[in-house]
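Okay, structure first, notes after.
None of the figures in this text is laboratory data; all of them are computed from the coordinates on show. It should be emphasised that the depicted structure is a prediction, and the values quoted were computed from it without experimental measurement. Here the Cβ positions follow ideal geometry from the backbone for every residue, glycine too, while neighbour counts run over all protein chains shown.
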Amino acid sequence: MSDEVAPGRVRVRLDLSYDGKDFSGWARQTERRTVQGELEAAIGTVLRLAEPVELTVAGRTDAGVHARGQVAHVDLPGEVWQREADKLLRRLAGRLPQDVRVRRVAAAPEGFNARFSAVWRRYAYRVGDHPGGVDPLLRGHVLWHDRPVDVELMNRAAELLLGEHDFAAYCKKREGATTIRTLQLLRWTRTADGVAEATVRADAFCHNMVRALVGAMILVGDGHRPVDFPARVLAGRVRDSAVNVVRPHGLTLEEVGYPADDALAARAVEARNRRTLPAG
């Protein structure tokens with residue numbers, strides 16, 4: 001599969017953010033409000049396009065999940081881009097609802113694909129464990145847990161999950177999709193306002209992966225399970241009924257990483273290859 005842009009078209013990169021509370025996820029749905037649906041409609045309207053707009057995104061977020069550093073691309077007619085490039089950002093600001101914002105639009109480098117050229121995605125999950133509950137100003141982005149969690153215990157558990165593994169035990173099964181991922185970083189810290197914040201970075205994520213990992217580590221942090229519990233679940237490669245997929249509102253896609261421009265096309269080809277774990 002080639003990432004060559006059709007003649008007469010320009011691939012445009014969009015950097016965007018959104019509050020996921022009132023969206024049924026990223027992906028377009030006929031009867032529900034989604035981020036993709038809002039963006040495609042807004043782009044089509046402000047550019048007065050006759051044909052449907054088709055966005056490709058770095059990572060499809062679930063219903064209720066937020067994004068601060070989402071990336072997407074769209075292929076536009078060259079003459080439209082040339083005419084509207086300088087005005088597009090302001091026009092989208094006037095057309096989009098306030099819970100989704102495009103922060104930057106630019107012609108993409110050759111070989112760029114928002115999804116397949118990415119080398120990592122970084123999420124944050126935020127947990128509040130104050131006995132009085134979550135600060136009302138943060139409640140839309142922080143999960144309240146009714147027992148204190150030990151960040152150091154969760155970090156010890158996290159270290160056992162790093163590297164390339166089959167994360168089937170932490171993913172919602174999708175037919176034909178691999179669950180092999182490389183977890184590059186998983187680290188808990190306390191923010192200045194006392195929230196336990198997990199930074200999670202991987203080359204890619206499968207469905208529900210971050211929220212299931214957080215659910216397993218919270219069981220360690222509040223003393224319900226030993227430090228090696230999340231790793232034992234991982235090794236079993238099947239879902240464990242003790243692991244809850246935590247609620248979506250605590251999760252935010254923070255950033256997507258890409259290689260240098262001259263490596264974009266090669267990365268897109270590599271990312272499409274079906275992954276297997278080494279034998280032995």
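Extension gain, Leu89-Arg147: 0.36 nm per intervening residue step, less the Cα-Cα distance, totals 16.4 nm. Averaging 1/r over each pair of different alpha-carbon atoms in the stretch 9-116 and inverting the result gives 13.9 Å, the Kirkwood hydrodynamic radius. The Ala266 and Leu185 beta-carbon pair, evaluated with R₀ = 25 Å, returns a calculated FRET efficiency of approximately 0.60.
Averaging the sequence gap over all C-alpha pairs within less than 8 Å and six or more residues apart, then dividing by the number of residues, gives the stretch 11-153 a relative contact order of 29 percent. Taking 0.36 nm per residue of sequence separation and removing the Cα-Cα distance, the Arg48/Val119 pair yields an extension gain of 22.2 nm. For the stretch 147-161, putting each phi into the Karplus relation 6.51 cos²θ - 1.76 cosθ + 1.60 with θ = phi - 60° gives couplings of 10, x, 10, 9, 4, 5, 4, 5, 5, 5, 5, 5, 4, 7, 9 Hz, in residue order, rounded to whole numbers and with x for Gly and Pro. Ordering Leu49, Leu96 from the fewest to the most neighbouring beta carbons within 10 Å gives Leu49, Leu96.
How many nm separate the modelled label positions at Asp22 and Leu138, each set 7 Å beyond the Cα in the direction of the Cβ? So the two model labels end up 2.5 nm from each other. Three semi-axes describe the equivalent ellipsoid of the stretch 162-246; taken as square roots of 5 times the Cα gyration tensor eigenvalues and ordered largest first, they are 22, 15, 11 Å.
Neighbour counts of other Cβ atoms within 10 Å put Thr179, Thr61, Thr191, Thr30 in the fewest-to-most order Thr30, Thr191, Thr179, Thr61. Amide H contacts of Arg237 (H built 1.01 Å from N, in plane; Pro and chain starts excluded): Ala169 sit under 5 Å, all sequence-distant by 5 or more or on other chains. Taking the fewest neighbouring Cβ atoms within 10 Å as the starting point, the ordered list for Leu137, Leu162 is Leu137, Leu162.
Estimated from helical segments only, the mean residue ellipticity of the chain at 222 nm is -7500 deg cm²/dmol, where each DSSP H run of four or more residues counts as -39500 (n - 2.57). The string of couplings for the stretch 71-81 from the Karplus curve (6.51, -1.76, 1.60, θ = phi - 60°) is 10, 9, 9, 9, 9, 10, x, x, 5, 5, 4 Hz, one whole number per residue in order, with x for Gly and Pro.
As a calculated quantity, the FRET efficiency between Ala107 and Lys173 at R0 = 35 Å, using C-beta atoms, amounts to about 0.35. Simple point charges give the picture: +1 on the Cβ of Lys and Arg, -1 on the Cβ of Asp and Glu, and for the stretch 9-116 a dipole about the Cα centre of about 260 debye. Coupling constants for the stretch 112-117 follow from the phi torsions by the Karplus curve (6.51 cos²θ - 1.76 cosθ + 1.60, θ = phi - 60°), and in residue order they are 6, 9, 4, 8, 7, 7 Hz; glycine and proline get x. For Trp144, which sequence-distant residues (separation of 5 or more, or a different chain) have an amide H within less than 5 Å of its own amide H, given hydrogens modelled in the peptide plane? Answer set, sorted by chain and number: Gly128. Distance from the C-alpha centroid of the stretch 188-262 to that of the stretch 12-32: 22 Å, rounded to the whole angstrom.
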